[in-house]
Amino acid sequence: MNNSLENIQARFAPGEADIQVEVVDTEGRVLGTVGKLEAHVPPGILHRAFSLFLFDHDGRMLLQRRAKAKYHSPLLLTNATCSHPLPGEPVADAVERRAKEELGADVSDLEEIGIVTYRVDDDRTGLSEHEYNHVYAGYVDTDSIDLNPDEVDEIVYVTPAELATRRANEPMTQWFNHVWGVGAEKFSKFGFDIEGIAGIHGPEEAVAAARSVQTDER
C-alpha cells in the first residue's frame with residue numbers, strides 16, 4: 001500500500017488535516033498545538049485524545065464501526081467514540097460534543113476512569129497514534145441515537161460474552177486494546193460484568209499491547 005504523505009493527506013476530509021490538537025508532555029501538560037495530519041504522521045506527536053465507553057441500561061456496551069471515509073482505521077469496530085478535544089476545550093465537554101456529532105447521542109453519568117499513553121502504527125493507512133488518552137465511561141440514551149454516516153457505519157450493543165466473541169473473530173482498532181485495559185475492571189458499575197468471561201481481554205497480542213502502556217488510574 002502506498003502510504004506516502006500525499007496519500008495519507010488524501011484520506012482527510014477537506015480542512016480536517018489542519019484542525020488543531022493539543023501537544024502534551026508525558027504528564028499531560030500542554031506544550032502547544034499541531035494540525036491533525038502532522039500529529040499522526042509517523043512516528044507521531046504525543047497529543048491529547050479521549051475515548052468513551054457507553055452502556056445501555058441493560059448493561060450492554062455500545063460499539064461503533066467506523067465509517068469507510070474515516071482517515072484512520074476505517075470500517076473497524078471500536079468503542080463508542082474516540083477523538084480529540086479542541087485546544088483549550090475541557091475534555092468532558094469534548095466527550096459530550098463528539099458523542100452528539102458522531103452518534104447523535106445523549107449521554108449521562110459520564111466519568112473519567114483513567115488515562116493511558118501509547119504509540120501504535122497502522123500499516124493499513126500509514127498513520128501513527130501517539131496519544132495521551134483520557135478514558136471516559138457513561139450511559140447512553142438509546143432512543144436519542146441518530147448516526148452520522150460520515151463518522152459511523154453502524155453500531156452494535158454487546159454483552160461481555162458477545163464482546164469476547166467479537167474480539168476473537170474480527171479485528172478492532174489498535175487503540176481499543178489500550179483503552180479497554182484502563183476500564184475493563186470498572187465497567188461492572190454500568191452492569192457490564194466481565195468476571196469469568198473467557199477471552200474478554202482479546203487475543204494474546206491484544207493482552208500484550210494493553211500491558212505495554214503507561215496508565216494513570218482514576
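The values are calculated or read from the model by the stated rules, or taken from the named source; none is laboratory data. Note that this is a predicted model, so its numbers are computed, not measured. Counting neighbours? That spans all protein chains shown, and the Cβs are built from the backbone with ideal geometry, glycine included.
What to note about this one:
- Residues satisfying the stated conditions in region 138-166, i.e. touching a residue at least 60 places away in the same chain (Cβ under 8 Å) and either of a type in the set (Val, Ile, Thr) or closer than 24 Å to Val30 by Cα (or both): Val140, Thr142, Val152, Ile155, Val156, Val158, Thr159
- With a requirement of 1 or more residues that are of a type in the set (Asp, Glu), touching a Ser or Thr at 6+ places or on another chain (Cβ under 9 Å) and modelled with pLDDT of 95 or more, the helices (runs of 4 or more DSSP H) lying completely within region 86-198 that satisfy it span 91-103.
- Filter pass, Arg48 being under 25 Å from Tyr139 (Cβ atoms), part of a strand (DSSP E or B) and charged (D, E, K, R): yes
- The number of residues in region 60-91 being surrounded by fewer than 17 Cβ atoms within 10 Å (Cβ to Cβ), over 18 Å from Gln20 (Cα atoms) and touching a strand residue (DSSP E or B) at 6+ places or on another chain (Cβ under 7 Å) comes to 3.
- Tally of residues being farther than 27 Å from Ala164 by Cα, among the small types (Gly, Ala, Ser) and either in contact (Cβ under 8 Å) with a residue 60 or more places away in the chain or out of contact with any Phe, Trp or Tyr (no Cβ under 7 Å at 6 or more places or on another chain) (or both) across region 70-103: 2
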